[in-house]
Amino acid sequence: MARKSLIIGNWKMNLTHLEAIAVTQRLWYRLNPADFDRADVVIAPPFTCLRTIQTLIMADRMPFGLGAQHVHWEREGAFTGEVSAGMLAKLDVGYVIVGHSERRAMFGETDELARKRVRAVLSAGMTPVVCVGETLSERESGETEMVVTTQLRGALRRLTAEQRASVVVAYEPVWAIGTGRHALPDDAGGVCELLRNTVLAMGGPEAGEAVRILYGGSVNPGNIAAFIAKTHIDGALVGGASLDPDTFAAVVRYWM
Ligand code: 13P
């Protein structure tokens, strides 16, 4: 069974909703139907842009998927500043990033909180994008495999095999994020194979085969093809290079 490529632009805390319109339109002009046949292309803007981009995508029938960068696990209530999975699903959000290393490092995200978010996202009919990755010191101490498998196992605990098959996993080595220093494709491919085997061990062969695994960390138009060429890498989670429509279009059209 072939897994369709998935390329997600994580805008992080960048672009107002007005800037988001311009970037999305420019990206759209630069892509062809053939690009969307080859890859699912998802934009994950800040919360303040979701409604705007949803409207734009609908009005112009743009085949972009919409992603969110964060979610709370409760359905509703007194959680000042938080947004629920149900609210995101109502905005046609299809993907939600969970466990990003920036949230782990700056906002106290743990494997257990990631697990709660994964469940909430799945219950609302969306796809969680579970991020895992080692820091430089963990890598240098030879702990990469242990760190990423612990993070993934923690996030996928107590799910059905079907649910495990439906998640997206993103391997983002922390030292490669925003540094211009990407992982070696062979190394990343090896870690992604390990992550696939982890899903397989938890959810069975079908889940292992179906799950899409992305690489993230200083992905750009010049290096994406080498990552996607790896058997166990099915796409990319792109930060900085997704903010400029020309650059992001070149990432999506890696196969040209
Ligand atoms: P960069 O592509 O800017 O390194 O960011 C990667 C990332 O964190 C995507 O989630």
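With kT/(6 pi eta Rh) evaluated at 25 °C and eta = 0.890 mPa s, and Rh the Kirkwood radius from Cα pairs, the chain diffuses with a coefficient of 136 µm²/s according to Stokes-Einstein. Quick one: check the C-alpha center-to-center distance for the stretch 30-88 versus the stretch 180-208, whole angstrom. Using only Cα atoms to place each centre, the spacing works out to 26 Å. Its relative contact order, with pairs defined as Cα atoms under 8 Å and 6+ residues apart, puts the stretch 85-161 at 35 percent. Sites count as exposed loop sites when they are chymotrypsin sites (Phe, Trp or Tyr not before Pro), lie in a DSSP loop, and have at most 13 other Cβ atoms within 10 angstrom; the longest stretch of the chain without one is 108-254. Note on K230: aspartates and glutamates with a C-alpha under 12 Å away, same-chain residues under 8 apart excluded, are D186, D187, E193. The calculated Kirkwood hydrodynamic radius for the stretch 125-236 is 13.9 Å, given to one decimal from all distinct C-alpha pairs.
The charge dipole of the chain, taken about its Cα centre with unit charges on the Cβ of Lys, Arg, Asp and Glu (plus for the first two, minus for the last two), comes to roughly 500 debye.
In the chain, a dipole from Cβ-located charges (positive for Lys and Arg, negative for Asp and Glu) runs towards its positive end, and of G99, L184, G81 it is G81 whose Cα lies farthest in that direction.
Here, each number is a calculation from the coordinates, and none is a lab measurement. Since the structure is predicted, the reported quantities are computational estimates derived from the model, not experimental observations. Reconstructed Cβ throughout: ideal geometry from the backbone, glycine too, with neighbour counts over all protein chains shown.
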